[in-house]
Amino acid sequence: MDALTLARWQFAITTTYHFFFVPLTLGLSILVAIMQTVYYRTGDETYKRMTKFWGKLFVINFAMGVVTGIVQEFQFGMNWSEYSRFVGDIFGAPLAIEALMAFFIESTFLGLWIFGWEKLSRGVHLATIWLVALGSNISALWILIANSFMQEPVGFTLRNGRAEMTDFLALVTNPHIFVQFPHVFTSGIVTASLFVLAISAYHLLRKTDQLGDFRRSFQMAAIYGVIGTISVMVVGHSQAQHLVEVQPMKIAAAEALWQSEAPAAMSLLTIGNEPERRDVFAIKVPGLLTVLAYNSFQGEVKGIRDLQAEYEQLYGPGDYVPPVAVSYWTFRIMVGAGIVMALLALYALYLVLRDRVDRSPRFLSLLGWAVLLPYIANTSGWFFTEIARQPWIVFGLQKTADAVSPTVTAGMLLFSLIGFTVLYGALMAADVYLLVKFARQGTGSQAPAKPQTAPAGLAAGIYSK
Amino acid sequence: MIDLNIIWFILVAVLFIGFFVLEGFDYGVGILLPFLAKNDQERRIVINTIGPFWDGNEVWILTAGGAIFAAFPHWYATMFSGFYLPLVLMLFALIVRGVAFEFRSKDRHPTWRSVWDWALFAGSAVPALLWGVALGNLLRGVPIDQNMTYVGGFFNLLNPFALLGGLLSLSIFTLQGAIFLSLKTEEQIMERAVAATKKVGPVATVIVFLFVILGYFLTDAFTRLGVNPGLIPIAAGGVLLAAGWFIHQSRLGWAFIMNTLAIVFSMITIFMSLFPRVIVSSLNPDWSLTIYNASSSPYTLKVMSIVALIFVPIVLLYQGWTYWVFRERVGRHSALEY
């Protein structure tokens, strides 16, 4: 494989891996903060145990997000030096601001929260977890402002052979950020709620001795999940409508819409012939795509072939069509997983309201598996967003092929790619091991200490909690 | 005339200095972990001396990276792609280090703990060494062509001067860690830390002077700073000797301050001898990257200056407060549950 292909793989692997951890951080930080707030106001020990239990899982997940995030800060320069030169004047700013405004807050206050239970007053200690939640979500905002520039470049001019910022306000109020940030923010809520529902379901199913704690967690997560899944669909829909305007090729690829149609049909299932850009077999609902795109029965949705012709006029000869099958399926997997999660959350809330959670073992064991759904949806959503923008790295301005570092050879990339993959694989094993272990252990004290071959002087009590 | 390019050069220098000052002892503690802590409880105590701080300290380098990207995109692009393999190693180290802090105590199995303790050691030692190598190369110059592209290989970066720079940062950080531990621990660990300062101190001092002598022959730092280099480089040597004297006198609070100042003044000296260049080309002086040809547009620099002016003081305030909250020594009687 050539250096460009390897660099793309490396970016895909490291970034996808990083984003396994981010949504849970975004959503769970808020939920833990809410739990601790209830504890602060009521003094109910249940909420203290819940805060500590979910907080421990949060910290394990957070650590993985932080360390894989270091790679993100450096790899634009390492692997995409020509990209960094071309858009650094704009793209570097939100990254630096993210570090200054958000990374410092989340890392400093998480340290205070973890070690500060006995050292800080209750109010100040509560404030630290809210600041962690705030910092994490501000961090997401700034990195998405950077990503939004890649999707929809604004506030710049082409000068000195690069894109230079002319309007910072335009950059941070990019229309794209108003649909993208809410989508990521709410997907964080969804991820956290499914995570909490699944682990609570595990305990409720096994009737472990902390039923009260997990009933309460289940209730909170069910409400959180309904709020999250409904809003993620609403904002996702408006994001798609926005893309019809600014990245029509992305929507055309998502729908495998080869020709422009007015009104356009929506595909339920398409088997396509990608090289010839035509359907082999398709089931479609007439007019539905237009309705979804414009909230109206009239309006043209542009197709791949017409857009290709249009872009050749605009940008010169070249292939401007992203991988259609990948776009089509990742989009459907994301939406499908979202719908299933909404149904699960609604049913969970229904059981809570009917007080029937404990008597629904089959649903509870189903929820245990449903923890995979948010991860599938988050990953396929980003695959779609980034792959269906190709061949562009910055839409309309720079192609991915022109962005790669000329000095980094295929051999060097092979070394780093293998290194990252092996290291990340090992860390994933350790991470899942710990999460499963603590999730099973529950909110109480640790299981009675088995006298392992522990070093002398180890006082078991010290390590409890 | 001070312009925004100069201000951003200074700001990047400040971020690097902040990073080396804070993360310096932090790395040192990780490096000393296997040598000063003899059992699991002692290892926990040693790690907990930096437990609440290390993550916040590490953000300094992320912010420095972000600031270089925002203010000097060509510096960011050339340095990070040019130093590719060392950076990959650094990333591997930082990744296992960060995870080790959170994971090591979450399982009791001795193998599990031993693996993460060694990850913490390696994850601290490798970056401590590589930062010095990187600075040595920046000072000495690396092959940069007229297109701001690094045209050397991996082994160009492993020249004797840069490697000595690596040993320098490794030894200074280890010393700083030893002094820090002697201030933050009690009983046997403290005694061992004090003993370590007396062993590492002289080694570090010798390496510093070797580096200065070699630097005289291999870099243009001396010609640029002149025969009389001014107050700061001389002060850098002075405070280092003072640190040695205080260590000898076992007045470790003062030793910590002096060693910190030694790091600060040496970093300022390095940035002064670079100025206004950010990467020196060993092929042709005209091809060096400077704060002018590598920078962002004046508009971006202005925006970023306003942002920095607001947020840097806030960060300093709350990070300082963290150190105040956790100012006590960590010992057997401290809460070690984490």
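Of all residues assigned to segment B:151-167, at least one qualifies as being over 20 Å from the mean Cα position of the chain (by Cα) and aromatic (Phe, Trp, Tyr).
Screening B:Ile61 with (1) modelled with pLDDT under 90; (2) among the aliphatic types (A, V, I, L, M); (3) surrounded by fewer than 24 Cβ atoms within 10 Å (Cβ to Cβ) gives one miss only, at (3).
When each of B:Gly98, B:Gly123, B:Gly82 is tested for being over 22 Å from B:Asp145 (Cβ atoms) and facing chain A (nearest Cβ under 7 Å), the lone residue that passes is B:Gly98.
Taken over segment A:338-368, the criterion of being surrounded by fewer than 17 Cβ atoms within 10 Å (Cβ to Cβ) and touching a helix residue (DSSP H, G or I) at 6+ places or on another chain (Cβ under 8 Å) is satisfied by A:Ile339, A:Val340, A:Leu346, A:Tyr347, A:Asp358, A:Pro361, A:Ser365, A:Leu366, A:Gly368.
Pick from B:Thr149, B:Thr111: which is free of Cβ contacts under 8 Å to residues at least 12 places away in the same chain, polar (S, T, N, Q) and surrounded by fewer than 22 Cβ atoms within 10 Å (Cβ to Cβ)?
Numbers: B:Thr149 fails: free of Cβ contacts under 8 Å to residues at least 12 places away in the same chain.
None of the others qualify; the one that does is B:Thr111.
Restricting attention to segment A:69-96 and to residues that are within 7 Å of chain B (Cβ to nearest Cβ) and in contact with a Leu (Cβ under 7 Å, 6 or more places away or on another chain), the residue that is surrounded by the most Cβ atoms within 10 Å (Cβ to Cβ) turns out to be A:Met78. Selection over segment A:242-252 of residues that are in contact (Cβ under 8 Å) with a residue 60 or more places away in the chain and surrounded by fewer than 20 Cβ atoms within 10 Å (Cβ to Cβ) gives a count of 2.
Residues in segment A:409-442 that are of a type in the set (Val, Ile, Thr), touching a residue at least 40 places away in the same chain (Cβ under 8 Å) and within 16 Å of A:Ile13 (Cβ to Cβ): how many?
Of the residues in segment A:409-442, 1 are of a type in the set (Val, Ile, Thr), touching a residue at least 40 places away in the same chain (Cβ under 8 Å) and within 16 Å of A:Ile13 (Cβ to Cβ).
Scanning segment B:307-332 for residues that are more than 9 Å from every other protein chain (Cβ to nearest Cβ) and closer than 13 Å to B:Leu4 by Cα yields a total of 1.
Have a look at A:Thr407, A:Thr385, A:Thr400 and point out the one that is within 30 Å of A:Ile339 (Cα to Cα) and either within 13 Å of chain B (Cβ to nearest Cβ) or modelled with pLDDT of 90 or more (or both).
Numbers: A:Thr407 fails: within 30 Å of A:Ile339 (Cα to Cα); A:Thr400 fails: within 30 Å of A:Ile339 (Cα to Cα).
The unique qualifying residue is A:Thr385.
Right, B:Phe275: more than 14 Å from every other protein chain (Cβ to nearest Cβ), modelled with pLDDT under 85 and within 22 Å of the chain's Cα centre (by Cα) or not?
Working: more than 14 Å from every other protein chain (Cβ to nearest Cβ): yes; modelled with pLDDT under 85: yes; within 22 Å of the chain's Cα centre (by Cα): yes.
It is true that B:Phe275 is more than 14 Å from every other protein chain (Cβ to nearest Cβ), modelled with pLDDT under 85 and within 22 Å of the chain's Cα centre (by Cα).
Just wondering, is there one or more residues in segment B:213-232 that are at pLDDT 80 or above, in a helix (DSSP H, G or I) and closer than 27 Å to B:Phe180 by Cα? So far as segment B:213-232 goes, no, none of its residues is at pLDDT 80 or above, in a helix (DSSP H, G or I) and closer than 27 Å to B:Phe180 by Cα.
If I filter segment B:3-34 down to residues being acidic (Asp, Glu) and touching a residue at least 24 places away in the same chain (Cβ under 8 Å), which single residue comes out as nearest to B:Ala67 (Cα to Cα)? Spell out the reasoning first.
Pass one, segment B:3-34, residues acidic (Asp, Glu): B:3, B:23, B:26.
The next check asks that each one be touching a residue at least 24 places away in the same chain (Cβ under 8 Å); those that pass are B:23, B:26.
On the way: B:Glu23: 18, B:Asp26: 22 Å.
Per the criteria, the residue is B:Glu23.
Which one is farthest from the chain's Cα centre (by Cα) among residues in segment A:410-423 that are within 9 Å of another protein chain (Cβ to nearest Cβ) and surrounded by 19 or more Cβ atoms within 10 Å (Cβ to Cβ)? Reasoning before the result, please.
Initially, segment A:410-423 is screened for residues within 9 Å of another protein chain (Cβ to nearest Cβ), giving A:412-413, A:415-416, A:419-420, A:423.
Narrowing further to those that are surrounded by 19 or more Cβ atoms within 10 Å (Cβ to Cβ): A:412-413, A:416, A:420.
Working: A:Met412: 29, A:Leu413: 26, A:Ser416: 24, A:Phe420: 20 Å.
Step by step, filter segment A:410-423, then rank; the result is A:Met412.
Looking at segment A:122-138, which of its residues are polar (S, T, N, Q) and within 11 Å of chain B (Cβ to nearest Cβ)? Selection gives A:Thr128 alone.
What number of residues in segment A:283-307 are part of a helix (DSSP H, G or I) and either under 15 Å from A:Val246 (Cα atoms) or among the small types (Gly, Ala, Ser) (or both)?
Initially, segment A:283-307 is screened for residues part of a helix (DSSP H, G or I), giving A:288-294, A:304-307.
Restricting the remaining residues to those that are either under 15 Å from A:Val246 (Cα atoms) or among the small types (Gly, Ala, Ser) (or both) gives A:293-294, A:304, A:307.
Of the residues in that region, 4 qualify.
Of all the residues in segment B:267-311, those that are surrounded by 16 or more Cβ atoms within 10 Å (Cβ to Cβ), part of a helix (DSSP H, G or I), touching a helix residue (DSSP H, G or I) at 6+ places or on another chain (Cβ under 9 Å) and touching a residue at least 40 places away in the same chain (Cβ under 8 Å) number 12.
Specify the residue that is surrounded by the fewest Cβ atoms within 10 Å (Cβ to Cβ); the eligible residues are those in segment B:152-186 that are modelled with pLDDT under 85 and in a helix (DSSP H, G or I).
Taking segment B:152-186 and keeping what is modelled with pLDDT under 85, we get B:152-156.
Then keep just the ones that are in a helix (DSSP H, G or I); that gives B:155-156.
Values: B:Phe155: 8, B:Asn156: 15.
Result: B:Phe155.
Check whether at least one residue in segment A:114-130 is outside any helix (DSSP H, G or I) and under 30 Å from A:Ala170 (Cβ atoms), and report yes or no. No, because not a single residue in segment A:114-130 is outside any helix (DSSP H, G or I) and under 30 Å from A:Ala170 (Cβ atoms). Of the listed requirements (1) more than 9 Å from every other protein chain (Cβ to nearest Cβ); (2) touching a Phe, Trp or Tyr at 6+ places or on another chain (Cβ under 9 Å); (3) at pLDDT below 90; (4) assigned to a helix (DSSP H, G or I), B:Asp55 misses just one: (1).
Can you pull out the residues in segment A:40-68 that are touching a Ser or Thr at 6+ places or on another chain (Cβ under 6 Å) and more than 14 Å from chain B (Cβ to nearest Cβ)? Within segment A:40-68, A:Arg49, A:Met50 meet the criteria. Scanning segment B:86-95 for residues that are at the interface with chain A (Cβ under 8 Å from one of its Cβ atoms) and under 17 Å from B:Ile144 (Cβ atoms) turns up just one, B:Leu87. Pairs linking a residue in segment A:165-177 that is facing another protein chain (nearest Cβ under 9 Å) and at pLDDT below 95 to a residue that is outside any loop (DSSP other than H, G, I, E, B) and surrounded by fewer than 17 Cβ atoms within 10 Å (Cβ to Cβ), with Cβ atoms under 7 Å and 6 or more positions apart or on different chains, are A:Met165/B:Tyr299; A:Thr166/A:Thr157; A:Thr166/B:Tyr299. Each residue in segment B:312-329 was checked for being closer than 12 Å to A:Thr108 by Cβ and in a helix (DSSP H, G or I), and 11 of them qualify.
The values are calculated or read from the model by the stated rules, or taken from the named source; none is laboratory data. The structure presented is a predicted model; accordingly, all values stated were derived computationally and were not measured. Note that we place each Cβ from the backbone using ideal geometry, even for glycine, and neighbour counts take in every protein chain shown.
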